[in-house]
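Chemist: One structure follows; several queries about it will come next.
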Amino acid sequence: MVDVAVAAVVVVTCLGAIAEVVRLCRRRTATRAAAREARVRLAALSMPHWVSYALLGGAVVLGAMTWIATMKGLAFPPGWDAMHHGYFTRQILDHQTLDGSVVLAPSASGETAPDSFYPLLFNLCIAVIEQVSGTAVSQVMFAGIATTGAVFLPVTVYALARRIDPGRPLVAGLAAFIAPLSLSTYALIGTGRDNTVLGLALTLGTALALLAARTRAGVAVGALGVVGIIGIHTSEMPVALIMAASIAVVDVVRSRRLDVFRCRIVVVAASVVAAIVCLVVLEPTILSASSSREGAIGTAGPGIDLRDAVSQMLTLGWDRNAHSLPVLQILLGIGLLATLLLPGFRAYLSTTLAYGLIAALMVGLFTQSLGPLQVVASPWYGDLNRLAWTFPVLTAIPAAVAVVAVAECVGRLAGAIGRHRRHRAVRRDYSRTGLAVVTVAAACGLILTALPDTARTNLELHVLFGPADADSRAAFEYLQEDIRPGEVVMDDRRASGSLWMYDDYGVPPLFGNSPYLGAAPKSWKERLWLIRHLDDVADDPCVDALLAKYRVGYVYYDDARILEGERRIEKAVLDRHRQFTPVFDQNGVTVYRVARSVDVPRCDRDVTRGITW
């Protein structure tokens, strides 16, 4: 059913695009007068507008360079989650389905998992690009993360800031420039949270889509935006809704038109309801996703007191910015105060309101005091980090407000005590130019505060989260050439990044996606027992029986480990038994050929007894 729905969405989108192209072609071409008017309008753009455009372009370049520097030298996207995203993508490609019971299966050999919801839009996009281009899954993921993170994040921040206050382009340009400076966003890929990076980059874009809804077509676009953000990474959906609602409320309060408020609320609500109805119809398992996920990962811990909750909320999400942390926090505080105290910046009250609401939700989660509102936080699965990740993105606009507000206040003060009061027009032009110069200088200063951490982030990704390297790739290529049909490779349960052998090369591993706690099938527990008892291969017939049952042809060993990766296979054990013959050895990466008995012994006991998962 999901496949049919995705196909329908693609067809409708293509038809809509064709219709729009036809409509544009049928419009009358612009007259010379209209062209002349457009040139005059372009020439009338002030210095702040040009500076804002330059800052936006610089933000895109800076984001791209930072992503490239962060991921430089990595053979595969680092982290646990990235491997599993590659696994889901390979499952989609091999089985040609989005059925969660197949894509999320604990093995690649056709075994199915219990029905559960997981956002797979990111994996679907990667699969489509891989199918069309033939590029490896890992490289498509690299390119997708860098492109989306570098382009969409500053562009959506810029567009949202211009939507809030069109009269202050410098705030929009500087906010776009600040957005890619937070290295905590880049560090998210250390644990492989690639779809989180995409979700953060598209959060404000979803809010803009909801705010732009005016007609039935607008409602449809807003609904598709909500469906898209849920399909990429569900945790960012409440943040997009809070931001859209905050801007709508502040717009109505400032305009004092209740009818506008009613219209906005009805349109936004219609978009959200339409999106939820579509998701429930297409994916009924989404209704139980939060409870099953929270119970499985066990992230809802005991509450803490209010003082500690506020302290943790103020610092969470910034731990990666050792150099820029004080600067960004100071700018954030000044920006929030400026929106409250300075009349010229009252339009940005919406960002303060959204920031305050999200901070209140976080404190409520810390202290376990949300009560019935706990359901609002269900997309975060009780994991506070999922909420903290959004703070660097939400900080960009208030920080830009702080810089521009301070520059304006200093300029007014200098003008008030100046001697040349007769030349007001000249001073006005001078103040605009000076404001633009101060903004550019502030952007350069912010770069200097953030960039020193880029090298540390790259080093951590290599050492702690990205152990799979060129030697691993050579081993995967060997396995791809030598493995027989139907055989699988036993690895150390992905602790060394070995799941990429399947993601990029199609070499099936013994272990696939880890099932939720309490939902592991018997086959998963048998495989867990097998990997723990390789040293008994000569004495225990159950070891040989399970090696034959699951058709284990090779064992992959790597000295390197992901951070917190538990070593379950010892090289000394493999070298000690004649059943394991090394056939590939390169810089700590070893592949062993498994020699199974001709007459497979029987296992006359239940080895899963005592195995908990």
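Here, each number is a calculation from the coordinates, and none is a lab measurement. Computed from a predicted structure; not experimentally measured. Here the Cβ positions follow ideal geometry from the backbone for every residue, glycine too, while neighbour counts run over all protein chains shown.
Chemist: Of the listed peptides 349-362, 150-163, 540-553, what is their order by residue-averaged count of other C-beta atoms within 10 Å, with the highest listed first? The partial results should precede the final answer.
Modeler: Details: 349-362: 20.6, 150-163: 22.9, 540-553: 18.9.
Going from most to least packed, we get 150-163, 349-362, 540-553.
Chemist: Order of 488-498, 583-593 by packing, highest average Cβ count within 10 Å first? Let's see the in-between values first.
Modeler: On the way: 488-498: 23.9, 583-593: 17.5.
Per-residue mean Cβ counts within 10 Å order the peptides as 488-498, 583-593.
Chemist: While we're on this one: Given the C-alpha centroids of the range 563-607 and the range 156-191, what is the distance between them in whole angstrom?
Modeler: 51
Chemist: Using alpha carbon coordinates only, what is the Rg to Rh ratio of the range 57-161, with Rh defined as the Kirkwood radius? Spell out each step's value before the answer.
Modeler: Values: Rg = 15.9 Å, Rh = 15.2 Å.
My calculation puts Rg/Rh at 1.05.
Chemist: Going Cα to Cα from K549, which lysines come in below 22 Å? Please leave out same-chain ones fewer than 8 positions away.
Modeler: K522, K525
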